[in-house]
Amino acid sequence: MQGVSIQGFRLSPQQKHLWLLQQGVNSQPYRVQSAVIIEGNLNFLLLESALQKVIEKYEILRTNFQALPGMNVPLQVITANRLPILHYHDLTDLNPETQHSQIEALLNEMKQLHFDVEKGAVLDIALVIIAPNKQILLVSLPGMNSDAVSIENFVRETSCFYAADLQNQEWVDQPLQYVDIAEWQNELFAGEEVEVGKKYWQTKDLSGLANWQLPQENIPAQKLDLNLNLFSLI
């Protein structure tokens with residue numbers, strides 16, 4: 001019987017932690033979502049081209065996770081370039097209240113989608129048209145491939161490619177790929193010196209640090225309560 005092999009890269013420590021958290025029964029993979037308001041005369045073809053170029057540029061946007069029998073933790077496997085599927089939703093005939101509920105329903109639907117991180121596409125993108133010159137771009141990514149900062153970078157890079165295409169210019173930039181960062185982190189945490197350092201700090205009693213104070217530290221007269229509110233702007 002011919003052996004099966006895959007070519008991939010080790011998960012970063014963060015990815016490994018997240019992968020293990022997602023292995024519970026009926027657990028839903030973590031996701032990062034974003035809703036971006038786009039105002040103006042949008043060229044849909046240039047937007048699709050910009051999205052394609054961002055996916056070509058960043059390997060993590062086309063990275064799946066595969067494991068051979070007996071492996072508890074998969075490898076990062078960079079797949080061939082996938083064309084992004086941009087789903088269009090025209091809500092221009094609806095009133096603002098109905099538009100709001102429809103957009104919330106779309107976000108919830110994207111949140112509930114079970115990404116096949118082993119074989120399926122990574123990105124789920126939708127463009128909601130709410131007025132002739134106003135759209136909302138909805139982006140959903142698995143947490144294994146993104147975080148809040150990376151999705152901000154995704155939006156910014158898409159904007160830069162769109163602007164360059166609009167002016168018939170070429171925008172070239174060579175990024176540091178995530179698999180390189182992951183390998184550096186694995187090497188950083190796997191050395192003999194790291195194990196010595198871990199054992200040293202594990203034997204230290206740090207319970208008294210909670211009562212330490214910095215010189216000239218100001219202690220507030222009373223404890224302030226922090227109340228958080230969530231505002232949805234569409």
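The values are calculated or read from the model by the stated rules, or taken from the named source; none is laboratory data. Keep in mind that what you see is a predicted model, and the values were worked out from it rather than measured. A quick note on method: Cβ atoms are made from the backbone with ideal geometry, for glycine too, and the neighbour counts reach across all protein chains shown. Accessible surface areas use protein heavy atoms only, side chains included; no ligands, DNA or RNA. Shrake-Rupley method; radii C 1.70, N 1.55, O 1.52, S 1.80 Å.
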Being among the β-branched types (Val, Ile, Thr) and modelled with pLDDT of 70 or more is the filter; apply it to region 163-205 and report the residue that is farthest from Phe9 (Cα to Cα).
-> Thr203
Picking from Glu109, Glu97, the residue that is surrounded by fewer than 16 Cβ atoms within 10 Å (Cβ to Cβ), modelled with pLDDT under 90, over 26 Å from Pro13 (Cα atoms) and among the charged types (D, E, K, R) would be Glu109
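Would you confirm whether or not region 65-77 contains a residue that is within 20 Å of the chain's Cα centre (by Cα), of a type outside the set (Lys, Arg), over 21 Å from Gln15 (Cα atoms) and modelled with pLDDT under 90?
As a first pass, look at region 65-77 and keep what is within 20 Å of the chain's Cα centre (by Cα): 65-66, 73-77.
From what is left, the residues that are of a type outside the set (Lys, Arg) are 65-66, 73-77.
Those still in the list that are over 21 Å from Gln15 (Cα atoms) too: none.
Within region 65-77, none of the residues are within 20 Å of the chain's Cα centre (by Cα), of a type outside the set (Lys, Arg), over 21 Å from Gln15 (Cα atoms) and modelled with pLDDT under 90.
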Picking from Gln15, Gln7, Gln2, the residue that is under 21 Å from Leu141 (Cβ atoms) and either exposed (fewer than 12 other Cβ atoms within 10 Å of the Cβ) or modelled with pLDDT of 85 or more (or both) would be Gln15
Can you name the condition, by its number, that Ser34 falls short on among (1) open to solvent by 40 Å² or more (accessible area, probe 1.4 Å); (2) modelled with pLDDT of 90 or more?
-> (1)
Out of all the residues in region 137-155, is one or more surrounded by fewer than 20 Cβ atoms within 10 Å (Cβ to Cβ), without any contact (Cβ under 8 Å) to a residue 12 or more places away in the chain and of a type in the set (Gly, Ala, Ser)?
-> no
Strands (runs of 3 or more DSSP E) wholly inside region 1-108 containing at least 3 residues that are out of contact with any Pro (no Cβ under 6 Å at 6 or more places or on another chain) | 31-39, 75-78, 86-90
Among the residues of region 39-57, which ones are open to solvent by 40 Å² or more (accessible area, probe 1.4 Å) and closer than 23 Å to Lys111 by Cα?
-> Glu48
Scan region 58-88 for residues that are free of Cβ contacts under 8 Å to residues at least 60 places away in the same chain and open to solvent by less than 40 Å² (accessible area, probe 1.4 Å) and jot them down.
-> Asn64, Thr79, Pro84, Leu86
